[in-house]
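Undergrad: Have a look at this one before I ask anything.
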């Protein structure tokens, strides 16, 4: 089966009209305890952990990559919103699966 470049462009347009507008990585965040979310991909694979924390009187979120042992996790960053933390964690996960510059990030624009 062979497809043309236009087939790919049309498929992307259909996807953007349907699920990309309604889906955000925050939907992959499963709250496992109050203030703690595990980012879960297809087939239940875990790929990140987000925790609510307070530093110097300010609340925010810390995102790390998933690993069974806490010391094996890598810091993704600190964020003011759960939405931003989930987006960054998802981008980190995706970056390990595709070539650099493969696709634009649909969650980089605030909605």
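Derivation of every value follows stated rules applied to the coordinates shown; laboratory data play no part. For clarity, every value in this text was computed on a predicted model and none was experimentally measured. Glycine also receives a Cβ, built like all others from the backbone with ideal geometry; neighbour counts cover every protein chain displayed.
Undergrad: Only counting other Cβ atoms within 10 Å, I'd like 5, 90 sorted with the fewest neighbours first.
TA: Sorted ascending by nearby Cβ count, the order is 5, 90.
Undergrad: Give the order of 27, 94, 43 when sorted by the count of other beta carbons within 10 angstrom, beginning with the fewest.
TA: Ranking 27, 94, 43 by Cβ neighbours within 10 Å, fewest first, gives 43, 27, 94.
Undergrad: At a 10 Å Cβ-Cβ cut-off, how would you order 69, 91, fewest neighbours first?
TA: Sorted ascending by nearby Cβ count, the order is 69, 91.
Undergrad: Then there is this: Explain nothing, just the number: relative contact order of the range 23-90, from Cα pairs under 8 Å at least 6 residues apart, as a whole percent.
TA: 28 percent
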